[in-house]
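Before any comments, here is the structure.
All of the numbers you see were taken from the coordinates with simple rules; none came from a lab. Just so it is clear, the structure is predicted and the values come from calculations on it, not from any experiment. Because the Cβ atoms are built from the backbone with ideal geometry, glycine has one as well, and the counts that use them run over all protein chains shown.
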């Protein structure tokens, strides 16, 4: 009995603090969440693109410098490692971009379903 009273107060607090303001927001709670998701996706996309760009430039520089070094030099071995790491970063950035695209695709599907639901209701 004592526990239920506090659970009810907690639920009421959640409703008042989160759900009611979201309902007043144009489009409701889903539009609010979609806006936040869009921000996260856009930021992640910009970061992934920047990381890929930096890694590609690092790879180019390493290749250019490496071509002018003797085959058995320690610096050349280090540059080989840098080039390998840059390739891995580029691959990871591509994976991140693919994941971002999948999130966007799912978001579009949700929007289409939401539109269908709205059309059925009207």
Seminar exercise, completed: Mean 1/r over distinct Cα pairs of segment 29-121, inverted to a Kirkwood Rh in Å, yields 16.1
Seminar exercise, completed: Simple SL model, points at 7 angstrom along Cα→Cβ for residue 118 and residue 94; separation in nm is 3.8
